[in-house]
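Presented below is the structure to which this report refers.
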Amino acid sequence: MGLSLTHSARQTKILNHTMVQAFKITRMDKTELLEHLSSAAENNPFLEITRPDPDLPSSRPSGNGGYIPENASDVHKSLYRQITDQLPLVLETDHESQIAQILMMELEPSGWLGRSLDEISAIYGFAVSDCRHVLKRLQTLEPAGLFARNLKECLRLQALDRDQLDEIMEGLISRLEELLDCDIATMANRLNVDPADVAHRLYLIRRMNPKPGSAFEIDETLSRQSDVILNIENQDLVIELTKSSFPSIRLLHAEETAGQSALNLPSRLNELVREAKSLKNSLEYRNSTTLAVIEAIFARQRDFLKHGYAALSPMSMSEIADDLGVSEATVSRVVTGLTIQCPHGNIGAKSLFCQPVTYCGQPTTRHVAFQMIKKLVDGEDRKSPLSDGEIATKAKSHGFSVSRRTVAKYRNILGIRAPQIRRKNAELSGLIDDHHRTGFRHATRC
């Protein structure tokens, strides 16, 4: 009787440990999982960990966040791919590559860096000096001007790339905003140079691209390889985890340990074998949870596969958690950083979650609002750009119920500058045009 009770209690203890470990692993993100498995393998001779390969390219081009084309054939070369193709030329260590990936995540659609190095350092834990070192290397990539932090730096990088960054060009770029208040002769006087030289530099600036990233698709996930492959076969959805993208566990010496009674193994070895098996089962449970989450997502978002982001239905992580009977935190961990290869390219799983926006009295998603905002901005008077409040008012007249703050948020996601900056850029662009047309004639008279 006593032996039976002891055995039962022991089985319960093992079961509870396995469940706790499975729960813990399911809540880990990729980095935490790899660190946990590596640490376990170092202390357990019965474990062999196969790490995912981070260098395998995606089989298809990625989308661009809010503006993923409706047809896969419309997707052009991504900004991410443009950059990663050149990284081996400028980076030397894994540490530099890690920082480069972070800086790429912070790129705006324009190709500019969206955060300061101080912010990036504080958020991701890298030294500012290391970030500055990697940024300097990334700023040598083509097209020139990528990873600039402002307009002046963008123009300066392009001038440097074209061997046009002399003392006059440097002085003119550094005083660029002063052109709004003076003519060529005045600027030449401030720089103590010939007006014809100023006019020529303005001509060169006019030929530069202030948004070098705009010619490419922007990657929301910036993933090197899709984690999940999704195919449609005979109207059925087939979901498969990419083996090379997930860590796996192999139990070593299984042939020696499997046939032995626990009593025939030294207690410590027996414990290590149990831990190895428990960890393997927990990892398999995590993978099955990932598949279940993806399946639950597309049970709600089938129209996305046919019509793209504009056809998304409002969906929250809490709804998926309720569907599966897991916690919202588990769903969040699963989808964070997870990429899915589907008919619309390589997309981020998180991009499929969206809060409802009211359109003509019916709930829809922000992607439809994205298209409306971009259309309104594209059609605005450049000299008098629409404010966020005006965009919200116009959107409401078309059936969208969005606030000014929501418009500002969506505008930032789309990489559209604030109205005052758009107006200033338009004025500066027009001024450079005027100087270009009249500069040489005016310089000749001087």
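Within the stretch 391-433, the set of residues being of a type in the set (Phe, Trp, Tyr) and either modelled with pLDDT of 75 or more or in contact with a Pro (Cβ under 8 Å, 6 or more places away or on another chain) (or both) comprises 410 only. Restricted to the stretch 372-390, and to residues there that are in contact with a Pro (Cβ under 9 Å, 6 or more places away or on another chain) and of a type outside the set (S, T, N, Q), the residue that is nearest to residue 420 (Cα to Cα) is 385.
Taken together, the residues in the stretch 172-197 that are outside any helix (DSSP H, G or I), at pLDDT 85 or above and not polar (S, T, N, Q) amount to 3. The set of residues from the stretch 96-135 being over 21 Å from residue 211 (Cβ atoms) and either among the charged types (D, E, K, R) or assigned by TED's automatic domain parsing to the domain that holds residue 409 (or both) comprises 96, 118, 119, 130, 132. When residue 294 is tested against (1) at pLDDT 85 or above; (2) of a type outside the set (S, T, N, Q); (3) surrounded by fewer than 20 Cβ atoms within 10 Å (Cβ to Cβ), just one condition goes unmet, and that condition is (3).
Candidates are the residues of the stretch 302-326 that are surrounded by fewer than 18 Cβ atoms within 10 Å (Cβ to Cβ) and under 23 Å from the mean Cα position of the chain (by Cα); the one that is farthest from residue 347 (Cα to Cα) is 318.
Regarding the stretch 91-112, can at least one residue be identified that is surrounded by fewer than 18 Cβ atoms within 10 Å (Cβ to Cβ), over 27 Å from residue 411 (Cα atoms) and aliphatic (A, V, I, L, M)? Yes.
Scanning the stretch 207-252 for residues that are among the acidic types (Asp, Glu) and surrounded by 17 or more Cβ atoms within 10 Å (Cβ to Cβ), which turns out modelled with the lowest pLDDT?
220
Taken together, the residues in the stretch 180-199 that are in contact (Cβ under 8 Å) with a residue 24 or more places away in the chain and not hydrophobic (A, V, I, L, M, F, W, C) amount to 4.
The values are calculated or read from the model by the stated rules, or taken from the named source; none is laboratory data. Bear in mind that the values here come from a model prediction, so they are computed numbers and not experimental data. With ideal geometry, Cβ positions are generated from the backbone for all residues, glycine too; neighbour counts draw on all protein chains shown.
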